[in-house]
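Comments concern the structure below.
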Amino acid sequence: MRAAFSFRSLLPLIAIASLGASACGGDDFDPASRIQGVRVLAVKKSAPYAKPGEKVELEILYWDGKSDPDDQRALEVTWFGGCKNPAGDLYYGCYPQLAELFAGPPSADQLQNVGTGNRFELTIPDDIISSRPAPLDGSPAYGLSYVFFTACSGRLGPPPAGGDANDVAMPLSCYGPKGELLGPDEFVPGYTSVYVYDELRNENPVVQDFLFQGASSDRQLSVPRCESSKCPKYELRAIIDPASAELDPTADPTPDGTPIREQLWVNYYATRGTIERPVRLVNDATKGWNDETQASWEVPREAGTVVLWAIVRDNRGGVDWKERRIVVE
């Protein structure tokens, strides 16, 4: 869905320093694997390595840890595209481009770079590779596009008036139903990048299943809540297609001539309970495949639905995930 409102009052985007953060809200003392507030967990691209002129669909995975798992609030997700080949390939090099893009009333063409909703279609410019100098080291010529996003549990708007502009980390804020300013556990900014090549491709990894204590994700399961000093633990295991570890044609082979494959890893998350070893290596670039990718989840003391995720990423921008729900009785 394309945005239907004017962004002139919200932009120019000239100092979005906080967009370089980890794209998560909530208490800093909570484990990163536990979802307490509004969190953006991943952005999946239909083509992690795109081609000039291609349309790339971006899909966001987020969760609102402040609402009922079975009755989630609708978050306002907004996308800002249109940045290509920023200085130094750095995300904050996009600020002048975004400021120029939204310096005046946006045209119909400019609005193609703004969208709302869980999905966003990015059109890669035809000249994204040809408009920049070729690498001096002989590596494949490429282009780079950044897309920024926000996830707000209320309404997106400009920052409060009257404050020192230097104190504003980004010129966008999130407001509640009574106009109150919402904090980082209700408002998540972030960005993602899309590399563009004439020939090179990268496919997303494939999560085939997400096992809970050996049971497939197509089974609805319930477990008893913790009622003792030592809470039960259950095994989590993502089943990943080994073909997901693709050859990396841009990486030099090992000294013995072995081709380098992508690095893959899996992150486990839960809305409640504690996950031990929430990040596991799936494929090492030189040592190869690792079958020991399991983690353990300690059941919470409170009853209710718990949502779990297994998110697999590669080192070239690919991502895939599976979600499952466990009823704690």
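Results for (1) modelled with pLDDT of 95 or more; (2) assigned to a loop (DSSP other than H, G, I, E, B); (3) crowded, with 16+ Cβ neighbours inside 10 Å, shown as yes or no for each residue.
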site	(1), (2), (3)
GLY190	no, no, yes
GLU199	yes, yes, no
ASP218	no, yes, no
SER228	no, yes, no
LEU236	yes, no, yes
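Candidates are the residues of segment 254-266 that are part of a loop (DSSP other than H, G, I, E, B) and among the charged types (D, E, K, R); the one that is modelled with the lowest pLDDT is ASP256. Under the condition of being assigned to a loop (DSSP other than H, G, I, E, B), touching a Leu at 6+ places or on another chain (Cβ under 9 Å) and of a type outside the set (A, V, I, L, M), the residues counted in segment 238-253 number 2. Could you list, in sequence order, all residues of segment 272-298 that are crowded, with 21+ Cβ neighbours inside 10 Å and within 22 Å of PRO31 (Cα to Cα)? Scanning segment 272-298 gives ARG272, GLY273, ILE275, VAL282, THR293, ALA295, TRP297. Residues in segment 243-297 that are among the acidic types (Asp, Glu), in contact (Cβ under 8 Å) with a residue 12 or more places away in the chain and over 29 Å from CYS226 (Cα atoms): GLU246, ASP248, GLU262, ASP284. Scanning segment 55-99 for residues that are buried (at least 17 other Cβ atoms within 10 Å of the Cβ), farther than 17 Å from GLU323 by Cβ and among the charged types (D, E, K, R) gives a single hit, LYS84. What tally of residues in segment 219-251 results from selecting those that are over 20 Å from GLY318 (Cβ atoms) and among the β-branched types (Val, Ile, Thr)? So the count comes out to 1.
The values are calculated or read from the model by the stated rules, or taken from the named source; none is laboratory data. Every value quoted in this text rests on a predicted model; they were computed, and no experiment measured them. Here Cβ is always computed from backbone atoms with ideal geometry, including for glycine, and neighbour counts include all displayed protein chains.
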